[in-house]
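Every read-out reported here was derived from the displayed coordinates using simple, explicitly stated rules and does not represent laboratory data. In this text the structure is predicted, and so the values were computed from the model without any measurement. Cβ atoms come from the backbone with ideal geometry, glycine included; neighbour counts cover every protein chain shown.
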Amino acid sequence: MIHSKDNSEHYIWGSQCDSWILKNTRSLSVKQEKMPAGTSEKLHFHKVAEQFFYILKGEAVFYINEEKFLVGQGESISIEPGAKHFISNESNEEIEFLVISNPPTDHDRIEIKE
C-alpha cells in the first residue's frame, strides 16, 4: 500500500502540531509532522529509541543535551537514546519534517520536569 498524509492515521500534539503515522511496526516508526510558527515540544528523552529527523520545509531548532542546532530544509539530524532533547519552531513560518524512530517511541518517552 502507498502511504501519504491523505491516507494515514493523524493526530494533534502539543500546540496544534500535526502528525501523520506513515509506518509503525515493532522495529520502525515513520511520521510526517508539521509545527506552526512559535511552537515547541517538551524536553524529554528516550531510553531505547534512536531518532532521525529530516526537514522537508523550513528551519527547525533542536536542543540536544543543552546544545542548540539549526537544521534547515533538506538537512537531517540524529538523536541517540538517552539524549535530552526537544524540537522547536522559532521561525515565522510552519515547518514540516519526517521523524524516523528505531524502535518506535511508544512507551519510551520520558518527559523531564523543568
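What's the whole-number percent of alpha carbon pairs in region 17-70 lying beyond 19 angstrom? All intermediate terms of the calculation are to be shown ahead of the outcome.
Working: 514 of 1431 pairs.
Tail of the P(r) past 19 Å holds 36 percent of the pairs.
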For this session: Lys and Arg at +1, Asp and Glu at -1: add these up for the other residues within a Cβ distance under 14 Å of LEU56 and post the number.
Result: -3
Seminar exercise, completed: Any lysines whose Cα falls less than 19 Å from that of LYS5, other than same-chain ones fewer than 8 residues away, would be LYS23, LYS31, LYS34, LYS57
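Can you give the net charge of the other residues whose Cβ lies under 14 Å from the Cβ of SER15, counting K and R as +1 and D and E as -1? Please report the intermediate quantities before stating the final value.
Numbers: positive: LYS34, LYS42; negative: ASP18, GLU33, GLU41, GLU90, GLU94.
Its environment carries a net charge of -3.
State which stretch of the chain is the longest one without any exposed trypsin sites (Lys or Arg not before Pro), exposure meaning a DSSP loop state and at most 15 other Cβ atoms within 10 Å.
Values: sites that count: ARG26, LYS42, LYS47, LYS84, ARG109, LYS113.
Free of exposed loop sites, the longest segment is 48-83.
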For this session: Tell me which residues come under 5 Å, amide H to amide H, from LYS84 once H is placed; ignore anything under 5 positions away on its chain.
Result: ASN65
Problem set entry | Positive dipole terminus of the chain, leading residue within PHE52, GLY72, ALA37 (C-beta point charges) | PHE52
Exercise. What is the dipole size for the chain, taken about its Cα centre, with +1 at each Lys and Arg Cβ and -1 at each Asp and Glu Cβ, in debye to the nearest 20?
Worked result: 320
Problem set entry | Phi-based couplings in Hz for region 54-67 (Karplus 6.51, -1.76, 1.60; Gly and Pro marked x) | 10, 7, 8, 8, x, 10, 9, 10, 10, 10, 10, 6, 6, 9
Exercise. Å³ per residue of the Cα convex hull, for the chain?
Worked result: 103
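Excluding LYS47 itself, calculate the net charge of residues whose Cβ lies under 15 Å from the Cβ of LYS47, where each Lys or Arg counts +1 and each Asp or Glu counts -1.
Neighbourhood net charge equals -3.
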